[in-house]
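Values in this text are rule-based calculations from the coordinates and carry no lab data. Please read all numbers here as calculations on a predicted model, not as lab measurements. Reconstructed Cβ throughout: ideal geometry from the backbone, glycine too, with neighbour counts over all protein chains shown.
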Amino acid sequence: MELNKYIGCARAARKLEPADLVLKNAKIVNVFTDRVEEGNVAIKNGMIVGIGDYTGKEEIDVKGGYLTSGFINAHLHLESTMVNPQVLIAAAAKHGTTTFIVDPHEAANVSGTAGIDYLLRETNDSPAHVYVMIASCVPATAIDDNGYKLSAAQMKKYLKNRRVLGLGEVMDCMAVIDGDPEMNAKLELFDGKVKDGHAPNLPDEQLAAYVMAGVTTDHEGTSYEYVMKERKMGMTCLIREGSAARNLENIVKGIVENNTNTEGFCFCTDDKHIEDIIIEGDIDHNVRKAVSMGISPIAAVKMATIQPAKCYGLRRTGAVAPGFDADLVVWDSLKNFNAKMVFYKGKLINDMLDVKPKACPKSLTNTIHLGKIDEDKLKIKLDKKPYPVIEMIPGEILTERRDEILPGEKFFTPDGRINKIAVFERHHATGKIGVGAVMGFPIRNGAIASSVSHDSHNIIVIGDNDSDILLAVNELKRVHGGYTIVENGKVYDTLPLPIMGLISDKSFSYVSNKVKKMKAKAYKMGIDKNMDPFITLSFMALPVIPKIRCTPRGVFDVVKWDFV
């Protein structure tokens with residue numbers, strides 16, 4: 001700490017001068033003693049300096065509200081919210097999240113280091129702590145068709161950035177396990193820093209080799225049994241509750257039933273739409289849901305504060321105690337967790353939901369480069385043999401493989417139960433189009449398309465007829481990326497995402513209202529209301545999540561690691 005700042009804080013702590021702010025009559029959740037203690041909290045220069053009988057230049061009576069450190073989102077992709085990062089952070093901060101651990105691999109897969117630099121720049125002056133884990137797998141695997149390839153040499157420049165904490169989720173598990181030289185160079189570059197994992201359902205021996213490489217966290221656990229396997233190997237498990245992947249219930253149920261120690265668990269959202277944050281909350285939603293299922297309120301608070309802070313080496317974050325940043329939340333109760341007041345470095349966060357996005361560099365707004373579209377490539381010729389169908393699962397981003405006889409005579413003709421999925425390469429105008437069949441997305445008389453397609457972010461579309469599929473793709477080309485719904489040969493509505501084909505240049509209310517309207521239409525067209533149609537669609541091309549996906553090169557069996 002800078003000396004003059006320390007002297008000022010020390011004098012206030014010793015009551016030799018008044019604090020800048022005192023929060024009076026608080027019920028303080030102490031994450032070190034696991035108790036709720038009544039008291040006043042003194043703040044000086046954005047730091048907590050003492051708890052007790054203090055006076056301040058400003059005093060706020062919180063009237064018995066429960067006081068915790070601001071919550072930490074241990075892993076998220078800002079791009080998945082589809083709004084300017086400043087807009088997202090302001091919205092989530094109103095729900096009590098004051099620290100964000102961001103992985104920019106969506107932007108990096110489209111625009112390389114320019115995408116990472118954009119997110120760093122946009123979050124530099126945020127009313128919250130925003131840290132970055134540098135994207136490790138750009139592309140995610142050797143079979144991906146993305147915009148850029150990010151090498152260890154290119155990543156080196158970020159090591160000295162104080163906001164860079166480590167290496168982002170290492171998605172290419174087999175590259176780690178097999179000792180791939182390029183992957184090893186990235187792991188070595190971030191030696192001594194946190195390395196986030198991405199290890200869905202690895203066998204025991206492979207998981208052991210993965211952990212041995214220095215990977216310390218994972219957010220891909222979908223069952224209690226699997227996360228406990230990771231815990232036995234020392235991994236910190238980030239319990240994910242996003243818009244599509246909702247894993248909290250399965251994991252927390254097991255924790256409660258088995259009276260499991262929660263010290264190795266944290267919370268994250270991973271991918272969550274802005275309208276879901278506005279409606280149900282951010283990490284406060286995770287905490288509230290965990291408590292409703294039987295986790296003790298103090299344990300849940302620790303999973304959202306001090307535990308992720310320790311995991312990521314944030315010395316002054318995560319507790320209401322002297323020497324910690326005054327990032328604080330006053331809650332109505334330890335059951336409902338409604339944020340009454342939120343402070344960042346001792347300053348009250350006001351209503352900032354109308355933040356105006358900054359202008360984006362033009363180089364990031366022209367990223368849709370489709371080659372010549374050959375309509376014949378959309379056809380799947382039938383031979384009356386079982387075909388590998390992608391089965392989507394509501395509430396999950398995992399898929400199952402179902403071998404089915406496809407409907408149709410000479411060529412596959414979607415019937416609503418089994419529809420057509422296609423992925424169009426959009427970075428280098430190669431003209432690649434991968435086509436397959438999908439169940440669990442029963443859209444009728446139309447198509448839904450998106451340029452948000454993890455992690456390479458090509459254009460992905462599902463429909464029940466080729467003409468609407470092509471219309472949807474051409475509509476996204478016209479608006480430089482986004483979401484669109486086509487019905488009966490006409491564009492119903494489109495949300496443009498012109499920044500890298502991932503982010504809107506409009507306000508959160510515009511994006512939220514547009515997505516709400518489009519989701520309602522998707523449900524009327526047959527999509528299960530328990531599924532987020534756009535986020536779930538966006539994961540159907542990601543070949544690092546079991547069991548089967550569709551890529552621009554064709555249908556890919558993740559388990560067998562081969563095209564089918």
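The table for this structure:
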{"item": "Amide H partners (placed H, <5 Å) of E404, local residues excluded", "result": "Y387, V389"}
{"item": "Whole-number D in µm² s⁻¹ for the chain, Kirkwood Cα-pair radius fed into Stokes-Einstein, 25 °C, 0.890 mPa s", "result": "101"}
{"item": "Among the listed pairs K156/K420; K15/K195; K63/K193; K63/K310, those beyond 32 Å (Cα-Cα)", "result": "K156/K420; K15/K195; K63/K193"}
{"item": "Linear extension gain, K5 paired with N258, 0.36 nm per residue minus alpha-carbon span", "result": "86.4 nm"}
{"item": "Neighbour cut-off at most 15 other Cβ (10 Å), DSSP loop, trypsin sites (Lys or Arg not before Pro), region 461-556", "result": "K529"}
{"item": "For region 1-139, convex hull of alpha carbons as volume per residue, Å³", "result": "142"}
{"item": "Proximal aspartates and glutamates to K229, defined as alpha-carbon separation beneath 18 angstrom and excluding residues fewer than eight positions away on the same chain", "result": "D196, D204, E205, D218, E220, E249, E257, E263"}
{"item": "Dipole moment magnitude, nearest 20 debye, the chain about Cα centre, only Lys, Arg, Asp, Glu C-beta charged", "result": "1080"}
{"item": "Cut-off of 10 Å, at most 11 other beta carbons, DSSP loop: longest stretch of the chain lacking such GluC sites (Glu not before Pro)", "result": "3-408"}
{"item": "Stokes-Einstein D (µm²/s) once Rh is taken as the Kirkwood radius of region 71-318 over alpha-carbon pairs, at 25 °C in 0.890 mPa s", "result": "136"}
{"item": "Candidates per trypsin sites (Lys or Arg not before Pro) in region 141-181, loop by DSSP, up to 10 other Cβ within 10 Å", "result": "K160, R162"}
{"item": "Efficiency of FRET from Cβ geometry, S223 and K384, R₀ 25 Å, rounded to 0.05", "result": "0.10"}
{"item": "Paired Rg and Dmax values of region 327-482, which use every Cα atom, in angstrom", "result": "21.9, 69"}
{"item": "Kirkwood Rh in Å, taken over region 363-563 so that all alpha-carbon pairs contribute", "result": "16.6"}
